[in-house]
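Derivation of every value follows stated rules applied to the coordinates shown; laboratory data play no part. Note that the structure is a prediction, hence the values are computed from the model and not measured. Counting neighbours? That spans all protein chains shown, and the Cβs are built from the backbone with ideal geometry, glycine included.
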Amino acid sequence: MGNWPGLAEAGFDQPDVAVNLEAGKIFFFRGPDYVRYDIATDHADPGYPLPIGDNWPGLRAAGFDANLDAAANWGNGKVYFFKGPNYLRYDIATDRADPGYPLPIGDNWPGLRAAGFDANLDAAINWGNGKVYFFKGPNYLRYDIATDRADPGYPLPIAGNWPGLADTGFGASVRAAVDLFDGRDVWLPNAERMPAAKNGPKYRPLPWRGVLHTTEGPTIAGALQTFRDTDFWPTLTIEPNTFRVVQHYSLNAGARALSDRATPANAARCVQIEIVGFAAQTPSWAPEQLAFIREVIRDIESLVPIPRQSGRTFLDAAGVNSRPGNRMSVEEWNRFSGWCGHQHVPGESHWDPGALDIDTLLG
């Protein structure tokens, strides 16, 4: 484990479980002990390992103080720990296991028993797109957070569906799957920082998505003045003609460029980009302008888990007016993960960014 400094020295070169609490720390568990790892310094914190039972209130009483199988941060302030045929729910804010646990996995996680995933899991990870992936032996399944059940068509083999894992010896018995998102302020390294004059909302535990707007004006200076006058601030304002990128909010905080008429859309883990220009002109934007926007999207995707997908049709004004079903319902919006436009957000009347070539931006 030379690539995870401090873990080998602590005897954690083969951890049982890993979980990211999105506060800049990853917790690794092995046997009766655990280690805390700092993402920013890329090193295990000093003073570890420590006993699980002495430091995770409620786990000892539930018999979860050693030899855990899997854990997943659900993104709603709760972490689920799995051991044998049972699981428990841990509350991050109160720092203790919720009462009434452990409970049987098979009775409370629809679809896991039928798939043979109701005991002795190997690993679990929240992918940030509304799905949690469970691993067991050579197989995995995908669990939908919104519907609270396993997706149909699973389990599937890890080999062939997770490129590169089988080739590197990770085609079976995957352990301690974890992400590196640290939950702190996230700023694009090459962006100008111009903090918004008004704070945005705290994110809700919904899948990550990005929303593309157009400013309906010709200059970034005019757009920024409008935001100052209205307090409808996006996450970023970008100008394809000058290749300028200005960031107003951390990627880990909600912006204010949507109306929230139908639902708290600004708080839906929604990174919002205002692109300087007119929605009517987006289909004729030059390749270098599209390449610039694409690069900004790539930079965002490298920092937060927005999947490189859309599945939405980008229409001009006439198309939006004639196809009201192209705008998402609140239920669709709550499940959406990927890139969409202002024209797709429920409760909105805008049609920006028009018939933008989304395939080029995401291709």
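A few notes on this one:
- Between the amide H of ALA70 and those of PHE82, distances stay under 5 Å, these residues lying 5 or more places away or on another chain, with hydrogens modeled in the peptide plane.
- Only Cα sites of region 4-82 enter the Debye sum here, all with the same form factor; the resulting log10 I(q)/I(0) across q = 0.24 1/Å is -1.22, listed in q order.
- Integer Hz, Karplus 6.51/-1.76/1.60 couplings in order for region 110-123, x for Gly and Pro: x, x, 6, 5, 4, 8, x, 10, 9, 6, 6, 5, 8, 6
- Taking every alpha-carbon pair under 8 Å whose residues sit at least 6 apart, region 1-143 reaches a relative contact order of 15 percent.
- For region 17-168: span of alpha carbons on each principal axis (Å, largest first): 44, 38, 26
- Sorted from greatest to least, the principal axis extents spanned by the alpha carbons of the chain come out as 62, 43, 42 Å.
- Taking θ as phi - 60° and the Karplus parameters 6.51, -1.76 and 1.60, the scalar couplings of region 308-316 work out to 7, 7, 9, x, 10, 8, 8, 10, 7 Hz in sequence order, x denoting glycine and proline.
- For region 98-257, the Kirkwood estimate of hydrodynamic radius, built from reciprocal distances between every pair of different alpha carbons, is 19.2 Å.
- Additional length obtainable on full extension of the chain from ASP13 to THR360, 0.36 nm per residue less Cα span: 120.7 nm
- When DSSP beta bridges are restricted to pairs lying wholly in the chain, around 75% turn out antiparallel.
- Packing-based ranking of 349-356, 213-220, 36-43 yields 349-356, 213-220, 36-43, ordered from highest to lowest mean Cβ neighbour count within 10 Å.
- Phi-based couplings in Hz for region 292-302 (Karplus 6.51, -1.76, 1.60; Gly and Pro marked x): 5, 4, 4, 5, 5, 4, 4, 4, 5, 4, 6
- Cα-based convex hull volume of region 192-362 per residue, rounded to whole Å³: 100 Å³
- When DSSP beta bridges are restricted to pairs lying wholly in region 206-304, around 35% turn out antiparallel.
- Amide hydrogen proximity for HIS43: with H placed 1.01 Å from N in the peptide plane, the residues at 5 or more positions away or on another chain lying under 5 Å are ASP38.
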